[in-house]
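The values are calculated or read from the model by the stated rules, or taken from the named source; none is laboratory data. Not measured: the values here are computed from a predicted model. Here the Cβ positions follow ideal geometry from the backbone for every residue, glycine too, while neighbour counts run over all protein chains shown. With ligands, DNA and RNA removed, areas are computed over all heavy atoms of the protein, side chains included. Shrake-Rupley method; radii C 1.70, N 1.55, O 1.52, S 1.80 Å.
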Amino acid sequence: MSEPRDVQPLLEKMAADLRALLAQRKIQQPLMVGIRTGGVWVAEALHSMLELTEPLGSLNITFYRDDFTRIGMHPQVQPSSLPFEVEDRHIVLVDDVLHTGRTIRAALNEIFDYGRPASVLLATLIERSGKELPVCADVVGETLDLATGQHVKLSGPAPLQLTIQEDT
Amino acid sequence: MTPRHVQLDGEGRLRHFITTEGLSRQILTEILDTAENFATVGSQKIKKVPLLRGNTIVNLFFEPSTRTRTTFELAAKRLSADVLNLNINTSSASKGESLLDMLRNLEAMGSDMFVVRHNQSGAAQFIAEHVAPHISIINAGDGSHAHPTQAMLDMFTIRRHKPDFTRLRVAIIGDIMHSRVARSQIHALNILGVPEIRVVGPQTLIPQHAAHLGVHIHHSLETGLKDVDVVMMLRLQRERMEGALLPSAEEYFARFGLTQAKLALAAPDAIVMHPGPINRGVEIDSSVADGAQSVILEQVTNGIAVRMAVMSLVLGRGPRSEEAAP
């Protein structure tokens, strides 16, 4: 296991890139939505750094996973909460690690069950190798090239730290 | 074979849901927590999640029911399962087909779950013991034995108003003797740690052995209601009067009907529950049923989330190596 690493510099880079991207797309009041659990921690940090006024949403994608019959239920995760109408709004979806792309596929499906957003941007702290679906992040803290047996894990909520673990 | 063995798999997970009796507090809490997650689905624009897509759920109702069948059907549909509704008294039973033959046919159609209601106690367990190993059974009421999903939606409703079960006084009022709802409620309340459970009703409608269930027996509504936090009414079946267990609906209402005046004896923030359908003016006065302390319609809404939770916990246990098809 690697030494825990502070993510503050990555969050600052993400906030700057996201601010520039929103300005470029002329998006004034985006809705930010974090994916439970790690994505919510990252979203909380970005939400405060960008001084967004709308409340922060969170998604529990358990009911939209594609591996339900293989891994079963995880009822301990907090329910989804989208305390706003998503119809015609610009959404910034936030997760901690973009790996296979399956979590994002599930999250997009869930968001669309709440309404039809005008657009969705994806921001992830880490984008790592190992894609299984055509999903790319718009804003990335850092890109990591990892082998199949390596896992990057975010611990939190305070302090937010990254570690890289190896299968033994 | 005890119910405990039938409804749990080799790893102690719920594979059928026949009764609340004998289950652990952990399993009941898991059902309530999962239902809390599903409750948010009802607030989505598209009130559906893809969890049980491709699963086939058969509502096997040997006894008429509107509300229970409808909420099971809605729960299954909100999980994206395919649903078949069979009302047996109107189909194969009248053609002389045996129950086991009918089950084999439904298995052959690729069913994953049977939701069973029957007027005979033990019917759901009998079916659970005789179906193919990949099929799960949910008991939607069997005779006077059990109605576990009703009890769990009641626990869910109580927890939303009174989060700490270990500080509650609960009164169950009415025909305890014939009530599968009351039996399942008493087991669930005991398992969740409720310190004081009262059963209230006339002597003819409270079983002699009730005290063995860990309840206090009251034959007066006034003493039974004193300072309780939760009032759980039961439906009074008309046929009890024909069976001479009760004099008349009017006299029953005078002694055991819940009115505002009697409800005032309970704790000021007590909630009033009823599994429905209600007999206005028999076990409950309209002003109470529709009053500020009534949570009767919340129970109906919660029933959908709780049934979604039970269905997905039972069908979503992850790898099932120990139950490989024969």
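Could you tell me whether any residue of segment B:286-296 is at pLDDT 95 or above, open to solvent by 70 Å² or more (accessible area, probe 1.4 Å) and in a loop (DSSP other than H, G, I, E, B)? Give the derivation first.
If we filter segment B:286-296 for residues that are at pLDDT 95 or above, which is where we start, we get B:286-296.
Next, from what is left, pick out any that are open to solvent by 70 Å² or more (accessible area, probe 1.4 Å): B:290, B:292.
Of the ones still in play, those that are also in a loop (DSSP other than H, G, I, E, B) are B:290, B:292.
For segment B:286-296, residues at pLDDT 95 or above, open to solvent by 70 Å² or more (accessible area, probe 1.4 Å) and in a loop (DSSP other than H, G, I, E, B): present.
Within segment B:180-220, can you find the residues that are outside any loop (DSSP other than H, G, I, E, B), touching a helix residue (DSSP H, G or I) at 6+ places or on another chain (Cβ under 9 Å) and open to solvent by 10 Å² or more (accessible area, probe 1.4 Å)?
Those that are outside any loop (DSSP other than H, G, I, E, B), touching a helix residue (DSSP H, G or I) at 6+ places or on another chain (Cβ under 9 Å) and open to solvent by 10 Å² or more (accessible area, probe 1.4 Å): B:ARG180, B:VAL181, B:ARG183, B:HIS187, B:ASN190, B:ILE191, B:ARG198, B:THR204, B:LEU213, B:HIS216, B:ILE217, B:HIS218.
Go through A:SER58, A:SER48, A:SER80 for me and flag whichever is within 26 Å of A:GLU12 (Cα to Cα) and touching a residue at least 12 places away in the same chain (Cβ under 8 Å).
Being within 26 Å of A:GLU12 (Cα to Cα) and touching a residue at least 12 places away in the same chain (Cβ under 8 Å) holds for just one of A:SER58, A:SER48, A:SER80, which is A:SER58.
Is there a residue in segment A:82-97 that is more than 10 Å from every other protein chain (Cβ to nearest Cβ) and of a type in the set (Lys, Arg)?
yes
I'd like the full set of residues that are open to solvent by less than 10 Å² (accessible area, probe 1.4 Å) and part of a strand (DSSP E or B), limited to segment A:59-90.
A:LEU59
Identify the single condition in (1) under 19 Å from the mean Cα position of the chain (by Cα); (2) more than 14 Å from every other protein chain (Cβ to nearest Cβ); (3) modelled with pLDDT of 95 or more that B:MET308 does not satisfy, given that it satisfies every other one.
The failed condition is (2).
Does A:ALA137 satisfy being buried (at least 17 other Cβ atoms within 10 Å of the Cβ) and not in a strand (DSSP E or B)?
In short, yes.
Looking only at segment A:1-37, count every residue that is of a type in the set (Gly, Ala, Ser) and buried (at least 22 other Cβ atoms within 10 Å of the Cβ) and tell me the total. Outline the logic, then answer.
Applying the first criterion (of a type in the set (Gly, Ala, Ser)) to segment A:1-37 yields A:2, A:15-16, A:20, A:23, A:34.
Of the ones still in play, those that are also buried (at least 22 other Cβ atoms within 10 Å of the Cβ) are A:34.
The qualifying residues number 1.
Take the residues of segment A:121-134 that are on the phi < 0 side of the Ramachandran plot and more than 12 Å from the chain's Cα centre (by Cα): which is most open to solvent (accessible area, probe 1.4 Å)? Don't jump to the end; show me each part of the working.
In the first step, residues of segment A:121-134 are kept if they are on the phi < 0 side of the Ramachandran plot; the result is A:121-129, A:131-134.
Checking which are more than 12 Å from the chain's Cα centre (by Cα) leaves us with A:128-129, A:131-134.
Values: A:ARG128: 14, A:SER129: 34, A:LYS131: 81, A:GLU132: 105, A:LEU133: 53, A:PRO134: 133 Å².
Step by step, filter segment A:121-134, then rank; the result is A:PRO134.
Tell me which residues, restricted to segment B:10-50, are in a loop (DSSP other than H, G, I, E, B), open to solvent by 10 Å² or more (accessible area, probe 1.4 Å), over 27 Å from B:LEU213 (Cβ atoms) and within 14 Å of chain A (Cβ to nearest Cβ).
If the condition is that a residue be in a loop (DSSP other than H, G, I, E, B), open to solvent by 10 Å² or more (accessible area, probe 1.4 Å), over 27 Å from B:LEU213 (Cβ atoms) and within 14 Å of chain A (Cβ to nearest Cβ), then B:GLU11, B:LYS45, B:ILE46, B:LYS47, B:LYS48, B:PRO50 are the ones that fit.
Give the residue that is farthest from B:PHE114 (Cα to Cα), with candidates limited to residues of segment B:51-73 that are assigned to a strand (DSSP E or B) and either hydrophobic (A, V, I, L, M, F, W, C) or open to solvent by 40 Å² or more (accessible area, probe 1.4 Å) (or both).
B:PHE61
Can you tell me which residues in segment A:98-115 are part of a helix (DSSP H, G or I) and either within 14 Å of chain B (Cβ to nearest Cβ) or surrounded by fewer than 18 Cβ atoms within 10 Å (Cβ to Cβ) (or both)?
Once the filter is applied, which keeps residues that are part of a helix (DSSP H, G or I) and either within 14 Å of chain B (Cβ to nearest Cβ) or surrounded by fewer than 18 Cβ atoms within 10 Å (Cβ to Cβ) (or both), segment A:98-115 yields A:ARG102, A:ARG105, A:ALA106, A:ALA107, A:LEU108, A:ASN109, A:GLU110, A:ILE111, A:PHE112, A:ASP113, A:TYR114.
Any idea which of (1) open to solvent by less than 30 Å² (accessible area, probe 1.4 Å); (2) in a helix (DSSP H, G or I); (3) within 14 Å of chain A (Cβ to nearest Cβ) is the one B:SER80 doesn't satisfy?
(2)
From the list A:SER2, A:SER80, which one is among the hydroxyl-bearing types (Ser, Thr, Tyr) and under 23 Å from A:LEU133 (Cβ atoms)?
Only one candidate qualifies: A:SER80.
Given (1) in a helix (DSSP H, G or I); (2) touching a residue at least 12 places away in the same chain (Cβ under 8 Å); (3) of a type in the set (S, T, N, Q), identify the lone condition not met by B:THR223.
(2)
Mind checking which residues of segment B:150-170 are assigned to a helix (DSSP H, G or I) and more than 21 Å from B:ARG235 (Cβ to Cβ)? Lay out the reasoning, then the answer.
Going through segment B:150-170, the residues assigned to a helix (DSSP H, G or I) turn out to be B:150-161, B:165-167.
Matches in segment B:150-170: B:ARG159, B:ARG160, B:HIS161, B:PHE165, B:THR166, B:ARG167.
Exactly one of (1) modelled with pLDDT of 95 or more; (2) not in a loop (DSSP other than H, G, I, E, B) is unmet by B:ALA267. Its number?
(2)
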